[in-house]
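The values are calculated or read from the model by the stated rules, or taken from the named source; none is laboratory data. Bear in mind that the values here come from a model prediction, so they are computed numbers and not experimental data. Note that we place each Cβ from the backbone using ideal geometry, even for glycine, and neighbour counts take in every protein chain shown.
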Ligand code: XMP
């Protein structure tokens, strides 16, 4: 059993960042809605509790309180932003509304020599005060300390920017230690979970493999498992982990819809069937998909057709495996690469006041339709942890650190009607772009442009333009290169790729891919554009 931190979510946009910082300190944590029951808190067995921020105000929303059991549990509590305000109100202090919002960078002065901030500072003033560079986002503020608390931090506009009750080990900060703009934020959270709560720091992916393998073996016993392999990071890591646990009791089904990147299907087979010796069934369904897509130009219809066919083809394979026969037992489990952000985002509080609910595109409802039990070994991991685990399981770095690729694949990167000839041209052009991004190193960071971008790809435009090559006139297709930088894919900036790189890519595509005679670069940010073109 790992030491655990419980994070109570009051609906802040950045609650997941708190969890990620805690996990980076190698401490296991879970996010739960703020209105869980007292019994839940007692049985969870946390070594410490963190109260998140919120969009709400303590005086307008009386349901947004920490359960009484938090204060009765005897473990350390850290309140962040709204979490500090509710701590103040619940323990006898005061919170007031202020007409100026404080938003962005601030310098906070440390007070009171608390255990939380001991030795943690960015600089000190000529008078010798320790100062922290932090990120603030609040309207309300604590105006009176609860009994027993002392001042821990202040700014000129927020005289109580931090407070502490050291006997009870309650700490609270008005700023956000979980965001990277708070320079010492990681240190501070580390101090809380490791130092103050005394968590062991035993959440390490390399060691986690054994534990996960054990758990999968217990859950599955001698039954059979089916997994839909897409070539993406999550399903690949899930497959490698489950294969490590139960070997040939796992069968992977890889549906090739013909709209994958160049040689991707062969690479997936080579990795899983070739190197890991896993059982993989490759279903070449490209004719079916491309046939159904013929003549269809509407982006949403294209998505629906691809998604629907994918489920049909996968279901048909799964039904066969479920039935099995000839002395072979049928499958009873369906494995999915669901990861922790999918789980928390689809949760939300009972009162539905906090966490926004996001519908995600996991193959919804499939296990029920197929009458299979669900196996989701990555359910408690963040993306960074899934990647670390993948590397620890021996998957190639390039596969595990790949840019995301949409489920409908090149289907949404060929504008309008999808034709096999367009897909072939696009695959080759895109492969050149990615190859050059991987091999071009930025001298300042020492990283490749592939690693410096969050997603990069080529889009096929089914229009023809005139060009000249050698002595002849050409009349060929156009592609657009797209490369973006983003942390959450909700907003994104187009990447300022070096001109020399763009020049090389464009030269290679036009020379090497006959049928394309013009290359453009997309300089639109999201919003108002989206990352994909359809
Ligand atoms: P947009 O184009 O909405 O993309 O800015 C944001 C992120 O979502 C990915 N994306 C998809 N992924 N099925 C998927 O699995 C889809 O239909 C789909 N559409 C967009 C996109 O690649 C980007 O990472």
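Among the residues of segment 482-534, those that are within 10 Å of the ligand (Cβ to nearest atom), assigned to a loop (DSSP other than H, G, I, E, B) and more than 20 Å from the chain's Cα centre (by Cα) comprise 529, 533, 534. Restricting the search to strands (runs of 3 or more DSSP E) fully inside segment 209-322 and requiring at least 3 residues that are under 25 Å from residue 340 (Cβ atoms) and touching a residue at least 60 places away in the same chain (Cβ under 8 Å) gives 224-229. Screening residue 479 against (1) more than 16 Å from the ligand (Cβ to nearest atom); (2) within 21 Å of the chain's Cα centre (by Cα) leaves a single unmet condition, (2). Can you find, within segment 372-405, the residue that is farthest from residue 245 (Cα to Cα) among those that are more than 16 Å from the ligand (Cβ to nearest atom) and touching a strand residue (DSSP E or B) at 6+ places or on another chain (Cβ under 9 Å)? Per the criteria, the residue is 372. Using the structure shown, decide if residue 132 is at pLDDT 95 or above and either surrounded by fewer than 16 Cβ atoms within 10 Å (Cβ to Cβ) or within 26 Å of residue 24 (Cα to Cα) (or both). Judged against the criteria, residue 132 is a match.
Residue 92 falls short on exactly one of the conditions (1) buried (at least 18 other Cβ atoms within 10 Å of the Cβ); (2) touching a residue at least 40 places away in the same chain (Cβ under 8 Å), and that condition is (1).
Yes or no, residue by residue, for (1) within 24 Å of residue 408 (Cβ to Cβ); (2) touching a helix residue (DSSP H, G or I) at 6+ places or on another chain (Cβ under 6 Å):
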{"residue": "491", "(1), (2)": "yes, no"}
{"residue": "500", "(1), (2)": "no, no"}
{"residue": "505", "(1), (2)": "no, yes"}
{"residue": "511", "(1), (2)": "no, no"}
{"residue": "519", "(1), (2)": "yes, yes"}
{"residue": "527", "(1), (2)": "yes, no"}
{"residue": "530", "(1), (2)": "yes, no"}
{"residue": "534", "(1), (2)": "yes, yes"}
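When we screen 8, 64 for residues that are assigned to a loop (DSSP other than H, G, I, E, B) and assigned by the TED database to the domain that holds residue 181, the only hit is 64. Flag: residue 470 matches the condition of being under 26 Å from residue 422 (Cα atoms) and free of Cβ contacts under 8 Å to residues at least 24 places away in the same chain.
Among (1) part of a loop (DSSP other than H, G, I, E, B); (2) free of Cβ contacts under 8 Å to residues at least 40 places away in the same chain, there is one condition residue 71 misses while meeting the rest; what is its number? Against the list (1) part of a loop (DSSP other than H, G, I, E, B); (2) free of Cβ contacts under 8 Å to residues at least 40 places away in the same chain, residue 71 comes up short only on (1).
Which of the residues belonging to segment 453-476 are part of a loop (DSSP other than H, G, I, E, B) and away from the ligand (no atom under 16 Å from the Cβ)? 470, 471 - these are the residues of segment 453-476 that are part of a loop (DSSP other than H, G, I, E, B) and away from the ligand (no atom under 16 Å from the Cβ).
In segment 406-418, the count of residues that are more than 16 Å from the ligand (Cβ to nearest atom), at pLDDT 95 or above and within 21 Å of residue 520 (Cα to Cα) is one or more.
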